[in-house]
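Worksheet: one structure, shown below.
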Ligand SMILES: [Fe+2]
Ligand SMILES: [Fe+2]
């Protein structure tokens with residue numbers, strides 16, 4: 001892989017994760033526990049899909065093959081998507097979605113704050129905007145995690161079940177390719193291991209306030225960077241890409 | 001002031017086109033009429049999120065996905081402003097929600113039609129938001145202050161929605177044969193239900209007379225419908241789509257179009273629960289409400305725990 005391809009794949013990893021997570025959140029529109037929360041989910045989804053859009057636009061430039069943002073989002077198959085496994089899990093109940101969101105938002109805040117210092121001006125620019133958005137998202141998802149974890153007996157049990165279910169995908173958030181280290185060395189990319197502890201600390205604090213316990217024996221699932229996903233992604237893409245693929249090559 | 005003086009004061013304000021405000025005295029029937037109208041309007045915004053929400057996960061480009069999501073979010077925001085306006089009349093949001101979920105309150109019949117293709121996102125923005133604007137522009141001058149002010153805010157967003165919808169339609173109409181057919185089909189399905197949105201002819205509309213007298217409404221259903229038709233025909237022609245009405249004809253004398261009569265029997269059926277999606281729409285809101293019960297309970301429990309800690 002040359003440097004250009006490495007960078008292209010690196011950008012796709014970020015873009016795909018935000019698109020898929022945003023897509024999952026957008027599924028709450030019209031179906032939330034209260035109108036205010038439907039609007040909040042739509043808001044976060046819009047931010048995430050907006051981030052993906054900017055990142056895809058940059059990826060097409062880096063690739064230089066004349067593909068568009070939509071080609072990247074709508075014409076790749078599941079084996080070519082590099083989103084993290086957390087993002088693609090079905091939305092579950094509202095607490096499941098908020099807990100997943102908190103885990104991802106905590107990652108995004110730290111990741112983007114590091115990427116803001118990238119020597120690549122386009123990436124640092126996208127990161128600066130996304131960083132602010134992520135902080136806001138994290139406040140929202142943490143507060144729901146706390147309220148639902150420490151709410152009623154039922155809500156506590158639901159949240160603990162969700163945490164048990166989700167925790168096994170958290171290693172995969174931090175996955176990096178060997179080739180990415182070159183980008184790290186030139187100051188373009190972020191070494192995710194550099195903020196792994198900070199993430200754990202942040203997340204543990206929220207979960208502690210939520211009276212939830214991190215499972216200790218979770219076997220960590222991986223594979224998203226090689227395009228090995230859970231079975232859920234295939235269905236998500238089948239839905240998301242159906243119309244775009246049904247009438248190929250037209251303007252929408 | 002005694003009752004007669006209060007009533008005279010109210011009439012006087014209406015005559016001078018001054019707004020009635022929440023603390024002002026108002027006749028009971030005026031209050032009831034407004035609660036019914038504003039809450040129906042709010043429910044329509046909220047139920048209206050569903051037919052368009054149906055295409056968010058399948059929107060055919062990233063840009064369309066974002067615009068649609070933002071639009072549906074706007075509609076939810078309209079619902080919130082309107083619920084607040086209704087609350088100024090002394091009814092709680094919970095009671096309003098209960099009226100919707102129990103099937104007691106009505107919402108616009110248009111949202112009981114299904115969205116079967118992407119072009120329906122165009123047709124809804126262009127026609128349904130377009131028809132809503134006719135009504136809402138008038139309501140910016142409605143006599144009840146909070147309602148009028150909510151409308152000013154909402155109207156700006158609605159005209160944006162209408163332009164977006166028309167843009168979707170024009171891209172499809174200029175696209176591949178499949179896309180063009182999709183656009184025409186959406187227009188065929190949404191045209192008549194859109195005309196029904198203005199309600200039956202005022203002669204047959206039970207609530208119209210009072211609404212006009214109280215300056216809640218300032219134009220008749222037929223006037224608004226006529227204006228909508230006059231505005232929309234040239235827009236359809238411009239992008240090469242055909243309005244599905246054989247009786248449509250320019251009338252030089254009235255400087256407007258003559259057009260056919262919507263099927264009011266269908267309208268009555270839809271209003272009485274027999275539209276193609278009445279069950280699905282209310283069912284979706286009920287399911288969301290039931291599924292969210294544990295969340296609302298947990299939030300309340302958490303809040304009361306904090307209060308105990310603080311106390
Ligand atoms: Fe609206
Ligand atoms: Fe609208």
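Derivation of every value follows stated rules applied to the coordinates shown; laboratory data play no part. Keep in mind that what you see is a predicted model, and the values were worked out from it rather than measured. No Cβ is skipped: glycine too gets one built from the backbone with ideal geometry, and neighbour counts run over all protein chains shown.
Details
- Matching residues, the stretch B:156-183, being near ligand 2 (Cβ under 9 Å from one of its atoms) and within 8 Å of chain A (Cβ to nearest Cβ): none
- Residue among B:237, B:261 that is surrounded by fewer than 17 Cβ atoms within 10 Å (Cβ to Cβ) and either assigned to a loop (DSSP other than H, G, I, E, B) or touching a residue at least 24 places away in the same chain (Cβ under 8 Å) (or both): B:261
- Of all residues in the stretch A:154-163, at least one satisfies being closer than 30 Å to residue B:299 by Cα, away from every other protein chain (no Cβ under 14 Å) and assigned to a helix (DSSP H, G or I).
- Within the stretch B:123-138, the set of residues being over 13 Å from residue B:194 (Cα atoms) and within 14 Å of ligand 2 (Cβ to nearest atom) comprises B:136, B:137.
Every residue, every condition in (1) over 30 Å from residue A:11 (Cα atoms); (2) surrounded by fewer than 17 Cβ atoms within 10 Å (Cβ to Cβ), yes or no:
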residue: A:148; (1), (2): yes, no
residue: A:175; (1), (2): no, no
residue: A:181; (1), (2): no, yes
residue: A:187; (1), (2): no, yes
residue: A:193; (1), (2): no, yes
residue: A:197; (1), (2): no, yes
residue: A:200; (1), (2): no, yes
residue: A:203; (1), (2): no, no
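- Restricted to the stretch A:1-116, the set of helices (runs of 4 or more DSSP H) holding at least 2 residues that are within 17 Å of residue A:180 (Cα to Cα) and either within 10 Å of another protein chain (Cβ to nearest Cβ) or touching a residue at least 24 places away in the same chain (Cβ under 8 Å) (or both) comprises A:3-26, A:35-63, A:94-115.
- Set B:183, B:148, B:131: member being farther than 25 Å from residue A:250 by Cβ and crowded, with 18+ Cβ neighbours inside 10 Å: B:131
To keep it simple, each residue is scored yes or no on (1) away from ligand 2 (no atom under 16 Å from the Cβ); (2) farther than 28 Å from residue A:40 by Cβ; (3) more than 9 Å from every other protein chain (Cβ to nearest Cβ).
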{"residue": "B:3", "(1), (2), (3)": "yes, yes, yes"}
{"residue": "B:11", "(1), (2), (3)": "yes, yes, yes"}
{"residue": "B:31", "(1), (2), (3)": "yes, yes, yes"}
{"residue": "B:44", "(1), (2), (3)": "no, no, yes"}
{"residue": "B:59", "(1), (2), (3)": "yes, no, no"}
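- No other residue among B:301, B:284, B:288 is in contact with a helix residue (DSSP H, G or I) (Cβ under 6 Å, 6 or more places away or on another chain) and in a helix (DSSP H, G or I) apart from B:284.
- Counted residues, the stretch A:205-233 - those being within 19 Å of the chain's Cα centre (by Cα), exposed (fewer than 15 other Cβ atoms within 10 Å of the Cβ) and assigned to a helix (DSSP H, G or I): 1
- Residue in the stretch B:72-86 that is surrounded by fewer than 19 Cβ atoms within 10 Å (Cβ to Cβ), more than 9 Å from every other protein chain (Cβ to nearest Cβ) and over 15 Å from the mean Cα position of the chain (by Cα) present: yes
- Checked against the criterion of being touching a strand residue (DSSP E or B) at 6+ places or on another chain (Cβ under 9 Å) and more than 14 Å from chain A (Cβ to nearest Cβ), the stretch B:136-144 contains one or more residues that satisfy it.
- Single condition residue B:132 does not satisfy, out of (1) within 14 Å of ligand 1 (Cβ to nearest atom); (2) more than 30 Å from residue B:23 (Cβ to Cβ): (2)
- For the stretch A:200-210, the criterion of being free of Cβ contacts under 8 Å to residues at least 24 places away in the same chain and farther than 23 Å from residue A:135 by Cα is satisfied by no residue at all.
- Residue in the stretch B:162-175 that is within 16 Å of ligand 1 (Cβ to nearest atom) and closer than 21 Å to residue B:41 by Cα present: yes
- Residues that are within 14 Å of chain B (Cβ to nearest Cβ) and at positive phi, drawn from the stretch A:213-252: A:249
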